[in-house]
Every structure is written in structure tokens, then in C-alpha cells.
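Data first, discussion second: the structure below is written as C-alpha cells.
The values are calculated or read from the model by the stated rules, or taken from the named source; none is laboratory data. Fair warning: this is a prediction, and the values are worked out from it, not measured in the lab. Neighbour counts are summed over all protein chains in view; Cβ atoms, including those assigned to glycine, are modelled from backbone coordinates with ideal geometry. Each accessible area value is taken on the protein alone, full model and side chains, heavy atoms only, with ligands, DNA and RNA left out. Shrake-Rupley method; radii C 1.70, N 1.55, O 1.52, S 1.80 Å.
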Amino acid sequence: MSEQMMAGDMKKISVDKVVINIGVGKSGEPMEKAKKALLELTGQKPAVRGAKKTVRDFGIHKGEPIGALVTLRREQAIEFLKRVIVAKKVLKESSFDNFGNLSLGIHEHIDIPGTKYNPDIGIFGMDVNVVLARPGYRTARRSRKRTRIGKEHRINKEEAINFFREQFGVDVQ
């Protein structure tokens, strides 16, 4: 009996993290505005990401800050995810990958409930990536005695879609 209960607990899916990314494409004032927008949305200081390589045609140099991102975990991630799902209403099945992750885009950050338009910041589009996990996933990330996650324990696309339908009551098409 207890082994069956434990097996059920180990199969329980949860939100591991939510990553919000704004790709600005240039440094300077637009970058600062994007950072302010992320700070307003999440209440967390965004990390800056630099360009991977120089692209002369776009005037981008390697290492130049061109994007900002914030990683949310635990309760903060779930609260933000609820707001995003209200803004999106319907999720596409193609937004889910085969490992149970969800990626979606938001055209205007002011569509998210609880966000007001600020003329000093403007309007930004953003990418929201949701990573789902099960208990035991830490074994693949820890530094000591790292192991792989078994095929049966991985989250597949159908399980991820069912999780979002049950937990957030979202329509997936």
C-alpha cells in the first residue's frame, strides 16, 4: 500500500520554473526600459544577456547586452503563470515540447492582468517558458552522483497538456 502511494507521489507533476525573456536587440535606452518592464511585472531584478556573436548588419557586437530575463520559482512562478494564462486564454498544442515544457509568446506585456500602461516604459513583447518537473529530477542536475531520468519518469507532451488543463483550467487546441 505505501509503495503504491509513494509511486503516485513520485509521479506528481509540478511547475519547476518560469522564465520570462525580453529580447530587445540593442543596448542602451530600450534595454533599460525592458528591464523596468520585467521588474514591474515580476518584482524581481532581471538578468542581462549579451549577444553571442557580432552581426554587422544589425550593428550588434559580441557581448553587448541585447536581452533581459527573469527566472521565477515556487509560488511566485505559479502566480505569474496564472496571470499569463488569463491573458492567453487558449494554449496551442504546438507550444508544448516532447519533454513537458511550454513556450509561449506575449505580444504586449500590458495584456497581462495587473499591469498598467506606463508611457515611460512603452510596450514590450516577451517569451514565457515553463519547465515542469517531477520529484527526483534533481538527480540529473546535482553535481555529485549525477544520474539520468528514466524514460518512464520523464514528462511527455500529453501529461503536460493534462497538467495544464487540470491545474489551470486552460483550453489546449
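Some observations on this one:
- Any hit, region 101-116, residues being surrounded by 10 or more Cβ atoms within 10 Å (Cβ to Cβ), in contact (Cβ under 8 Å) with a residue 60 or more places away in the chain, part of a loop (DSSP other than H, G, I, E, B) and of a type outside the set (K, R): yes
- Residue count, region 14-40 (criterion: closer than 30 Å to G136 by Cβ and modelled with pLDDT of 85 or more): 7
- Some residue of region 64-86 being in contact with a helix residue (DSSP H, G or I) (Cβ under 7 Å, 6 or more places away or on another chain) and without any contact (Cβ under 8 Å) to a residue 24 or more places away in the chain: no
- Scanning region 136-157 for residues that are modelled with pLDDT of 80 or more and under 19 Å from the mean Cα position of the chain (by Cα) yields R141, R154, I155, N156, K157.
- Within region 13-40, restricting attention to residues that are free of Cβ contacts under 8 Å to residues at least 40 places away in the same chain and of a type in the set (D, E, K, R), the residue that is surrounded by the most Cβ atoms within 10 Å (Cβ to Cβ) is K35.
- Flag for A68 being within 12 Å of the chain's Cα centre (by Cα) and closer than 30 Å to N156 by Cα: no
- Residues located in region 117-139, provided they are open to solvent by 40 Å² or more (accessible area, probe 1.4 Å) and either part of a helix (DSSP H, G or I) or free of Cβ contacts under 8 Å to residues at least 60 places away in the same chain (or both): Y117, P119, I123, R138
- The residue that is surrounded by the fewest Cβ atoms within 10 Å (Cβ to Cβ), counting only those in region 82-100 that are in a helix (DSSP H, G or I) and among the small types (G, A, S), is S94.
- Every residue from region 41-77 that is in a helix (DSSP H, G or I), open to solvent by 50 Å² or more (accessible area, probe 1.4 Å) and modelled with pLDDT of 85 or more: R74, E75, Q76
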